[in-house]
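The values are calculated or read from the model by the stated rules, or taken from the named source; none is laboratory data. Model, not experiment: these values are computed from the prediction. Note that each Cβ is placed from the backbone with ideal geometry, even for glycine, and that neighbours are counted across all protein chains shown.
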Amino acid sequence: MDDCACGALLRVDGHHVQLDPSANWFVDCRLAGNRQVTAASIGQGYSIAGSLVVSGYISFFGPVHQSIKPFMGMLMTIMFVTCMHSVCYFVKDEQYIPAVKPDTKQQLKDAFSALYVGLRKLPYVLAIYCTIFLLLQYGYTAYNGAKGQFFGIRVKDGIATDADTCGKEGNPACTDRQKAYNDGVQLAGGVTDTVFNLMGWAYLACMPFLVRKIGAKWVIVIACIPQVLLIVMSFCKVVAIDMIIVILTSVSQQTIFVLQLPMIVVQIGLAADNNLGMYAGAFNSAQCAGQFLNFALATQLVKTSMTFALPVLIGGILSTMGLIIAIFFLKFDMKTM
């Protein structure tokens with residue numbers, strides 16, 4: 001029960017953090033002029049830095065389930081130093097006190113209605129991009145949500161039972177299949193994720209140039225292709241090939257996240273009353289919807305004979321749908337850097 005409550009709070013915190021960078025990007029976009037993609041790429045680069053901490057830990061110390069307390073301690077320390085301590089010490093803020101105290105019920109109503117209005121009033125291009133975003137998020141979450149099991153069980157033919165306790169004091173030594181499972185988990189969350197993140201950094205450095213040269217539409221189209229390869233990956237048990245496909249999906253993920261705000265700015269503009277936050281919230285909802293659909297379906301899909309490969313296959317199929325929509329329905333011309 002405590003784990004469920006902790007998980008729920010982490011999800012709330014995660015989406016709060018995700019929307020806060022959007023607020024920072026709103027400041028950046030007003031200063032970036034015609035370099036919207038460059039500003040968004042820099043913001044996404046900081047996000048990758050945080051991911052590297054986790055993948056680096058797994059690379060050096062092995063699967064998280066074997067050292068969960070030190071891992072959580074590391075995360076709490078980093079959050080305390082970078083967020084609580086640094087922000088409280090360096091950021092000087094003044095409490096906003098409205099002249100007229102707002103009605104709490106009305107504020108809640110306005111917050112939920114803003115989400116509905118944001119989705120309903122999305123311009124055609126943003127609505128299409130939001131659909132692509134949802135499909136690609138489902139596709140990537142289908143892999144990322146079970147990457148340890150995919151590599152540990154499906155690719156390396158390991159077994160998860162007691163793999164987190166075997167070999168420790170008072171427990172029998174790990175069997176070959178338990179070792180294979182732990183190796184797969186470490187491979188997925190450690191080396192593969194680390195190279196995935198480094199690939200993301202390298203791609204972000206090139207992305208403004210690519211958008212300038214071929215336009216955002218074709219950058220999006222090309223970025224969908226790596227996730228289509230998840231179809232191949234679901235049937236492949238060659239570690240090197242699977243790793244390459246996962247690493248290439250970094251291109252897909254960096255693209256769809258970085259281009260959110262530049263596309264909103266191009267379609268909506270930078271007027272003071274254009275509700276950029278409302279449209280950014282609509283994209284966050286698309287992300288949540290993709291993740292929710294995956295979590296809802298994956299619990300049943302893994303019970304089939306394909307086990308953890310079937311969610312990856314479905315993710316590749318939905319990513320293919322995103323590619324088709326991007327080619328035939330996403331019609332706009334944006335070459336801002």
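May I ask you to list the residues in the stretch 214-272 that are in a helix (DSSP H, G or I), of a type in the set (Gly, Ala, Ser) and more than 18 Å from the chain's Cα centre (by Cα)? Show your work before the answer.
Going through the stretch 214-272, the residues in a helix (DSSP H, G or I) turn out to be 214, 216-228, 230-235, 239-258, 260-268.
Narrowing the set further to residues that are of a type in the set (Gly, Ala, Ser) leaves 216, 223, 234, 240, 250, 252.
Result: Ala216, Ser234, Ala240.
Looking across Leu126, Leu108, one residue alone is modelled with pLDDT of 75 or more, assigned to a helix (DSSP H, G or I) and out of contact with any Leu (no Cβ under 9 Å at 6 or more places or on another chain). It is Leu126.
Going by the conditions given, is Ile132 closer than 30 Å to Cys224 by Cα and among the aliphatic types (A, V, I, L, M)? Yes: the conditions hold for Ile132. Can you go through Ile220, Ile225, Ile244 and tell me which one is buried (at least 22 other Cβ atoms within 10 Å of the Cβ), modelled with pLDDT of 95 or more and over 19 Å from Gly145 (Cβ atoms)? One residue alone meets the criteria, Ile220.
Just one residue in the set Lys179, Lys121 is at pLDDT 90 or above and over 24 Å from the mean Cα position of the chain (by Cα); that residue is Lys179. Would a scan of the stretch 286-294 turn up a residue that is assigned to a loop (DSSP other than H, G, I, E, B), farther than 11 Å from Leu136 by Cα and not hydroxyl-bearing (Ser, Thr, Tyr)? The answer is no; no qualifying residue exists.
Taking the stretch 295-316 as the range and being part of a loop (DSSP other than H, G, I, E, B) and on the phi < 0 side of the Ramachandran plot as the test, the residues that pass are Val302, Lys303, Thr304, Ser305, Met306, Phe308. Annotation: of all residues in the stretch 280-301 being buried (at least 18 other Cβ atoms within 10 Å of the Cβ) and farther than 17 Å from Ala127 by Cα, the one that is modelled with the lowest pLDDT is Gln291.
In the set Gln95, Gln137, Gln186, Gln178, only one residue is in a helix (DSSP H, G or I), more than 29 Å from Gln44 (Cβ to Cβ), out of contact with any Asp or Glu (no Cβ under 6 Å at 6 or more places or on another chain) and of a type in the set (S, T, N, Q); that residue is Gln178.
Can you name the residue in the stretch 140-169 that is part of a helix (DSSP H, G or I) and of a type in the set (Lys, Arg) and, of all such residues, is farthest from Gly190 (Cα to Cα)? Of everything passing the filter in the stretch 140-169, Arg154 is farthest from Gly190 (Cα to Cα).
Evaluated against (1) closer than 18 Å to Phe133 by Cα; (2) over 19 Å from the mean Cα position of the chain (by Cα); (3) buried (at least 19 other Cβ atoms within 10 Å of the Cβ); (4) among the aromatic types (Phe, Trp, Tyr), Phe308 falls short on exactly one condition, (1).
The condition of being farther than 28 Å from Phe283 by Cβ, at pLDDT 75 or above and of a type outside the set (Ser, Thr, Tyr) holds for only one of Gly62, Gly45, that being Gly62. Number of residues in the stretch 47-96 that are among the aliphatic types (A, V, I, L, M) and either in contact (Cβ under 8 Å) with a residue 40 or more places away in the chain or surrounded by fewer than 12 Cβ atoms within 10 Å (Cβ to Cβ) (or both) equals 12.
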